[in-house]
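Okay, so here's the structure we're looking at.
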Amino acid sequence: MFDRYLLEDDTFANVEVDGEVVGWKIGARIGYYRGLGLSMIELSLAVDGSPVPPESIRLQLHGADYRLSEIEDVLDDRWGFSETVILFVDQPGGLAPGEHEIAFEQSLRISYLAVPSVNRVSRRLALA
C-alpha cells in the first residue's frame, strides 16, 4: 500500500568525506502506519540487480548511526511512519553518474500478524 513512498529520490547521492567518495545514500520510509522499533525491522538493498552486502549498509535515524547488523539489538529507537531514515552504503568510489535501479525491501515483524509484513519497491533513479 505504501510501497510507492518507500524511497526518496531527492536524497539519492554519492557521499563524499574529505574530498573522497566513500559510498552512496538514499532516504527511505517505513511502510507501516504505526512505525516500529528498529529491532522489529529487517532491510535489504540492491543496486542494478546486485544485492548490497548487509555489512556495507548503515542507517541514520534521530542522529544515531546503526550498522544493519546492529538494529536487531536496538530496543530504544523507533522508526515512525512519517520519518525518513538515511541509508548509507559503504562503497569506495560510490556509484557512477547516471540512472540506477534501486531495489529496497523491508520485512516488518508486527505483533498482531503471524507472518512478517514485507514491502518491496524498485525504482530507477538518476544520480548526478
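Which members of region 111-126 meet the condition of being of a type in the set (Ser, Thr, Tyr) and under 16 Å from Asp48 (Cβ atoms)? The one that is of a type in the set (Ser, Thr, Tyr) and under 16 Å from Asp48 (Cβ atoms): Ser122. The single condition among (1) without any contact (Cβ under 8 Å) to a residue 60 or more places away in the chain; (2) open to solvent by less than 30 Å² (accessible area, probe 1.4 Å); (3) closer than 17 Å to Leu127 by Cβ that Gly23 does not meet is (1). Meeting the requirement of 3 or more residues that are open to solvent by 30 Å² or more (accessible area, probe 1.4 Å) and modelled with pLDDT of 95 or more, the strands (runs of 3 or more DSSP E) wholly within region 47-102 are 64-67, 84-90.
Identify all residues within region 104-128 that are touching a helix residue (DSSP H, G or I) at 6+ places or on another chain (Cβ under 7 Å) and open to solvent by less than 70 Å² (accessible area, probe 1.4 Å); write none if there are none.
Selection gives Leu108, Asn119, Val121.
Looking at this structure, is Glu101 touching a residue at least 60 places away in the same chain (Cβ under 8 Å) and of a type outside the set (S, T, N, Q)? It is false that Glu101 is touching a residue at least 60 places away in the same chain (Cβ under 8 Å) and of a type outside the set (S, T, N, Q). Within region 1-15, the residues that satisfy the criterion of being of a type outside the set (A, V, I, L, M, F, W, C) and touching a residue at least 40 places away in the same chain (Cβ under 8 Å) are Asp3, Arg4, Glu8, Asp9, Thr11, Asn14.
The values are calculated or read from the model by the stated rules, or taken from the named source; none is laboratory data. Remember, predicted model here, so these are calculated numbers, not experimental data. Positions of Cβ are backbone-derived with ideal geometry, glycine not excepted, and every protein chain shown enters the neighbour counts. Areas reflect the complete protein model, heavy atoms only, side chains present, ligands, DNA and RNA absent. Shrake-Rupley method; radii C 1.70, N 1.55, O 1.52, S 1.80 Å.
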